[in-house]
Amino acid sequence: MSGQNPLLEVRHLRVEFPTRRGTLVALDDVSFTIAAGEVLGVVGESGAGKSMTGAAIIGLLEPPGRIAGGEIRLDGKRIDNLRYEDMRRIRGKDIGAIFQDPLTTLNPLYTVGRQLAETMTTHLPITPAEARKRAIGWLDLVGIPAAAQRIDSYPHEFSGGMRQRVVIALALCAEPRLIVADEPTTALDVSIQAQIIALLKSLAREKGTAMMLVTHDMGVIAETADRVAVMYAGRIAEIGPVRNVVKQASHPYTVGLMGSIPPLDRRVERLAQIDGAMPRLSAIPKGCAYNPRCPKSFARCAQDRPDLLPAGPTQAACWLYADGEGAKNV
Amino acid sequence: MFAFILSRVLQSLPVLFTVALISFAMFAYVGDPVAIMLGQDFTEAQRQALVKDLGLDQPFWVQFATFLGNAVQGEFGLSYRLSRPVADLIAERAPATLELALTAATLALLIGVPMGVYTGLYRNSWLSRFFLTFSLVGVSLPTFLIGILLILVFAVWLGVLPSFGRGDTVKIGWWSTGFLTWTGIKALILPSITLGLFQLTLIMRLVRAEMLEVLRVDYIKFARARGLPNRAVHFGHALKNTLVPVITIVGLQLGAIIAFAIVTETVFQWPGMGLLFIQSVNQADIPVMAAYLLLISALFVTINLIVDLLYYAVDPRLRIGRGQGAH
Ligand SMILES: Nc1ncnc2c1ncn2[C@@H]1O[C@H](COP(=O)(O)OP(=O)(O)OP(=O)(O)O)[C@@H](O)[C@H]1O
Ligand code: SF4
Ligand SMILES: [Mg+2]
């Protein structure tokens, strides 16, 4: 971190959902940083809190969900407690977002050109004519053929893959420094997923944009991310450099995820299945949330909840590393 | 575009034909016009002459064809009750009904849509709760009761607005308008509120439901994630996406407003087509009833056509892909 503020700093983030049956804690003590230009991959089973983390960062948690603790800083300045209007100016301008399903993220009633231009004129001091020119440039940049002609087309006139390119252009067009991409390829045809990831990766690199990339695809993580955060039941189980997390994981849950990795010559396409299911938010066990499923579980695991502890090159929330040596004894 | 309009017009012909058949069937099977027109004292010769005159000695289909042919030319024969051409009677009464319906529909739209947007955006505010409670009144109270209550309060107790009639009207060609005189406008207020209240609350509830629905969809979340101002998100993106269902309902309701003006016109003794229709029903004045039914159905068909065209204007997905077919 070289003394400087990281671009994004999430500290002890806690997100709660008040319900009639009591308060659900969707995120608990989530802490991580993303440096300028860095790509942080986020993985974990469905319901682990990946999307929730992204929504909290862009300030669009769905009510009644709310940030109940901790803080989020962008360039050292808190953004989790801003008024709606102040946060709105940051969205799109400093933090862009890419959603999962390009078929539903574009407004069907407006041309892609209009949607691009309106995003740019909202955040940048440019005229509508200039915005239109830049919109064509962006469409071109994300690989839409004949961009100048396609600018006045409506979303339904594009294929799924092309629409996700448009979404990427929309997320990047005000030149944010951070992109929150929540499963940007899950809804796409397998054959075009790789192209979209490659595009995202090259654009992020070219523009120096940092990225929080949520995905289930370990192949994508291995190729794209600099670091990886593994989430489980609303917490971070392990976080560290991508090769360490993928190849020599410390946390038993990560080991389980990567565990059934087949022989080295085959790429890991999907997260492996682990016996049992992640607990519901209303029934998170005492102690380590993973302990009912953990093959290494021991007495302490059912009593106390572990925080992130140094575990070799990564950090893992697991009592196996309580001795502070970071010994890798899994 | 032209082909589309033409195909819609052709599609509506069977509807109009059926209504015409039903209207005409009334001639043949309801009441005995000859008896009505002749009164008590008549000779057999007079009766036969009248039967021949009215073409009642012809076979059913010939009579129907004649009826259709005349109807297309706006010719509906003589009113049994008033012995005047039905077309004249309708032309005299239509402006009153159309002005009333237009005012009611405009009120319903101009107040209903903003109230719907507001209650959709701020669904927990006390004002929204008030609007919703108020809308229950509009939906559940029968029209005649609302009319009578309004008359009681504003005409009887406060004495500020007239309880019946159109006030003074001004002739523009054959059209008589109440919009241009003070008494005419005052006379419009209570009837148009009575007539429009149900549609107002309906539109409000519809817009609210659609807004709540649309505000949850991904492209609204994405619009927020792009940092667009609330005004653009709510009105540019959300409201526009509620328009298709709203246009549908408003179109249908406009037809309903004109058709159901009957009750309001009766309560306020409003000299429109509805009142004419009720008076005709009382006296089995079949030509007027037939003409009225045909006119109303033609109106519904026209409104449906306009609604379809508005869909085209609002939703690009309907515009393209007809020729290309690919999606
Ligand atoms: N409105 C809500 N009320 C209560 N709990 C909610 C609500 N929305 C989400 N949750 C819960 O929050 C948790 C985190 O959800 P989140 O969408 O972040 O999961 P995810 O990791 O993105 O999963 P996926 O891989 O399926 O996208 C889930 O357990 C979910 O059930
Ligand atoms: S703390 Fe215990 S239960 Fe939790 S992952 Fe580590 S060993 Fe397993
Ligand atoms: Mg998710």
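The values are calculated or read from the model by the stated rules, or taken from the named source; none is laboratory data. If you're wondering where the values come from, they're calculated on a predicted model, not measured in any experiment. Don't worry about glycine lacking a Cβ; one is built from the backbone with ideal geometry, like all the others, and counts go over all protein chains shown. SASA here: full protein model, heavy atoms, side chains in, ligands and nucleic acids out. Shrake-Rupley method; radii C 1.70, N 1.55, O 1.52, S 1.80 Å.
A few points about this structure:
- Within the range A:139-161, not a single residue is in contact with a Gly (Cβ under 9 Å, 6 or more places away or on another chain), within 12 Å of chain B (Cβ to nearest Cβ) and within 16 Å of ligand 1 (Cβ to nearest atom).
- The condition of being away from ligand 2 (no atom under 16 Å from the Cβ), farther than 27 Å from A:ILE197 by Cα, away from every other protein chain (no Cβ under 14 Å) and under 19 Å from the mean Cα position of the chain (by Cα) holds for only one of A:GLY70, A:GLY49, that being A:GLY70.
- Criterion violated by B:ILE278 - all others in (1) more than 14 Å from every other protein chain (Cβ to nearest Cβ); (2) crowded, with 24+ Cβ neighbours inside 10 Å satisfied: (2)
- Matching residues in the range B:197-229 - criterion: being facing another protein chain (nearest Cβ under 7 Å) and closer than 22 Å to B:LEU254 by Cα: none
- Count - residues of the range B:151-169 that are under 23 Å from the mean Cα position of the chain (by Cα) and either aliphatic (A, V, I, L, M) or not assigned by TED's automatic domain parsing to the domain that holds B:ILE193 (or both): 1
- Some residue of the range B:296-303 being more than 14 Å from chain A (Cβ to nearest Cβ), open to solvent by less than 30 Å² (accessible area, probe 1.4 Å) and not in a helix (DSSP H, G or I): no
- When each of A:ASP275, A:ASP307, A:ASP265 is tested for being part of a loop (DSSP other than H, G, I, E, B) and modelled with pLDDT of 85 or more, the lone residue that passes is A:ASP307.
- For the range B:310-320, residues that are away from chain A (no Cβ under 12 Å) and loosely packed, with under 15 Cβ neighbours inside 10 Å total 1.
- Just one of the numbered conditions (1) at pLDDT 85 or above; (2) more than 9 Å from chain A (Cβ to nearest Cβ); (3) open to solvent by 10 Å² or more (accessible area, probe 1.4 Å); (4) farther than 30 Å from A:GLU175 by Cα is not true of B:PHE260: (1).
- Count of residues meeting criterion [at positive phi and exposed (fewer than 14 other Cβ atoms within 10 Å of the Cβ)] in the range A:52-93: 1
- Of all residues in the range B:161-212 being in contact (Cβ under 8 Å) with a residue 12 or more places away in the chain and charged (D, E, K, R), the one that is least open to solvent (accessible area, probe 1.4 Å): B:ARG166
- Of residues in the range A:100-112 being open to solvent by less than 40 Å² (accessible area, probe 1.4 Å) and touching a Ser or Thr at 6+ places or on another chain (Cβ under 7 Å), the one farthest from A:ILE57 (Cα to Cα): A:THR111
- Within the option set A:VAL167, A:VAL180, A:VAL220, being at pLDDT 95 or above, under 22 Å from A:ILE34 (Cα atoms) and assigned by TED's automatic domain parsing to the domain that holds A:ILE98 holds for one residue only, A:VAL180.
- Counted residues, the range A:178-213 - those being touching a residue at least 24 places away in the same chain (Cβ under 8 Å), in contact with a helix residue (DSSP H, G or I) (Cβ under 9 Å, 6 or more places away or on another chain) and more than 14 Å from chain B (Cβ to nearest Cβ): 18
- The range B:281-294: number of residues that are surrounded by fewer than 19 Cβ atoms within 10 Å (Cβ to Cβ) and touching a helix residue (DSSP H, G or I) at 6+ places or on another chain (Cβ under 7 Å): 3
The rows are residues; the columns are (1) within 17 Å of the chain's Cα centre (by Cα); (2) in the same structural domain as A:TYR253 (by TED's automatic domain parsing); (3) touching a residue at least 24 places away in the same chain (Cβ under 8 Å).
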residue	(1), (2), (3)
A:ARG21	no, no, yes
A:LEU27	yes, no, yes
A:VAL43	yes, no, yes
A:ARG66	no, no, yes
A:GLY76	no, no, yes
A:ILE79	no, no, no
A:ARG89	no, no, yes
A:ASP101	yes, no, yes
A:THR104	no, no, no
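- You will find that of A:ARG165, A:ARG150, the residue that is open to solvent by 10 Å² or more (accessible area, probe 1.4 Å) and either touching a residue at least 40 places away in the same chain (Cβ under 8 Å) or more than 28 Å from A:VAL214 (Cβ to Cβ) (or both) is A:ARG150 and no other.
- Flag set for A:LEU199, criterion: open to solvent by 10 Å² or more (accessible area, probe 1.4 Å), in the same structural domain as A:ASP28 (by TED's automatic domain parsing), aliphatic (A, V, I, L, M) and away from ligand 3 (no atom under 14 Å from the Cβ).
- Members of the range B:91-109 found to be within 18 Å of B:ASP285 (Cα to Cα) and crowded, with 21+ Cβ neighbours inside 10 Å, listed by number: B:ARG93
- Taking the range B:99-136 as the range and being free of Cβ contacts under 8 Å to residues at least 60 places away in the same chain, under 12 Å from B:THR201 (Cα atoms) and not hydrophobic (A, V, I, L, M, F, W, C) as the test, the residues that pass are B:PRO114, B:THR133.
- Helices (runs of 4 or more DSSP H) lying entirely in the range B:210-287 (those with 1 or more residues that are assigned by TED's automatic domain parsing to the domain that holds B:LEU188): B:240-267, B:273-282
- Annotation: A:THR119 fulfils all but one of (1) open to solvent by 30 Å² or more (accessible area, probe 1.4 Å); (2) β-branched (Val, Ile, Thr); (3) facing chain B (nearest Cβ under 8 Å); the unmet one is (1).
- Test: residue in the range A:208-229 that is buried (at least 24 other Cβ atoms within 10 Å of the Cβ) and within 16 Å of ligand 2 (Cβ to nearest atom): yes
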